[in-house]
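Scroll down for the structure; my scribbles are underneath it.
The values are calculated or read from the model by the stated rules, or taken from the named source; none is laboratory data. These figures come from a predicted structure and were not determined experimentally. Because the Cβ atoms are built from the backbone with ideal geometry, glycine has one as well, and the counts that use them run over all protein chains shown. Accessible surface is based on the protein model in full, side chains and every heavy atom, while ligands, DNA and RNA are left aside. Shrake-Rupley method; radii C 1.70, N 1.55, O 1.52, S 1.80 Å.
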Amino acid sequence: MKNKIFATFAVIFACSVAVKAQEPKPADTEVWTPVPIEITPGKTSFDAPSDALILFNGKNLDQWVSVKDPNAAANWTVSGNILTVNKSAGNIQTKKSFGNYQLHLEWKIPENIKEEGQAKGNSGLFLASIGPGDDGYELQILDSYKNKTYVNGQAASIYKQSAPLVNANKKPGEWQTYDVVWEAPVFSTDGTLKTPAFVTVLHNGILVQNHTELKGPTQYIGQPSYKKAHGPSPIKLQAHGDPSAPISFRNIWIREIK
Ligand code: MG
C-alpha cells in the first residue's frame, strides 16, 4: 500500500515537472543574434544617416549621367546647393544601379506657374530605370496643391497605377520630401515574374503609398505589365516636356537594403 501511494505521488510529481518544462517562458522568444549594425541617425530625419550613399550633396552631379548619353555628364543646373531640371538636357539617372532601397529626396515646385494639370511642375522619380528608352516605374512629381488632374497622375501617385492615400502637398515654393522604400521585382531565371515590385512612400512625412504592388513599369498608354526581366537598375529623374518653369531638387540620399 505504502509503495502504491509513493508510486502515485512520483507519477504526479513527474507530470508536474513535465508540464512546468513545457510552460512558455519570456526567454523563449528572445532573439539575440545577429545584432543589427549601429548607425548614427541624422539630426533631423531628413539628414542622411552615416550609412547612406549621398546621391546629391548640393555641390555636383558626380553620381549622375545623362539618360540620352550614359557616357555624358548629367547637364542639369547646380547652384546654391540646389539642383534644377534642364529640360533641354533630358532625363538624368544614377551611375550606380540599385535593387531594394530606402531613398530620401526633396523637391520644390516654382511659384507662379500658369500652366495647369499635368503641365504644372511635372517631373518624376523613376524608382528603377530599365531602358533602353525611358521605361521605368514612376513616382509622380507634380504641383498637386489645388491643381486638379487624374488622381493616379497627381503628385505621390505611382503614375497611372495607384493614387496616393492622401494629398500631402505643400504650396509651390515650399520644399517637399519623399521617403521611399522600394522592393524591386524579382524574376525567375526563365525571365518570368516571381514577385512584383512593392513601394511604400511618405510624402512630407505622411504615408501615401502603403506597400503598393506595382503591375509593371509605367505605361503612358495601355495597361502595365512585366514584359522583360531586369536586375538592379539606376534611379532616374524626369525632365518633363511641359512648358512650365523647371522644378528643383536637393538632399538626395539612398540606403541599399540587402
Ligand atoms: Mg512625371
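Points to keep in mind about this one:
- Cross-link table 95/170; 194/236; 68/95, entries beyond 20 Å C-alpha to C-alpha: 95/170; 194/236
- 19 Å reach of a label modelled at residue 51, 7 Å along Cα-to-Cβ, counting backbone N of the stretch 70-110: 97-105
- Tilt relative to the chain, helix 2-22 - C-alpha long axis, 0 to 90 degrees, to 10: 10
- Accessible surface, per residue, of the chain when the full set of protein chains is kept, probe 1.4 Å, Å²: 56
- Summed side-chain charge close to residue 42 - residues other than residue 42 whose Cβ falls under 15 Å, Lys, Arg +1, Asp, Glu -1: -2
- Charge context of residue 216, other residues only, Cβ under 11 angstrom, K/R +1, D/E -1: +2
- The chain: translational diffusion in µm²/s, Stokes-Einstein, Kirkwood Rh over Cα pairs, 4 °C, 1.567 mPa s: 63
- Helix-only CD estimate at 222 nm, as mean residue ellipticity for the chain, using -39500 (n - 2.57) per DSSP H run (n ≥ 4): -3000 deg cm²/dmol
- Database remark: amide H of residue 257 closer than 5 angstrom to the amide H of 100, 101, 102 (H placed geometrically; neighbours at sequence offset of 5 or more, or on other chains; Pro and chain starts carry no H).
- Accessible surface of the stretch 70-139, 1.4 Å probe, proportion on carbon and sulfur as whole %: 43
- With contacts taken as Cα pairs under 8 Å at a separation of at least 6 residues, the chain carries a relative contact order of 25 percent.
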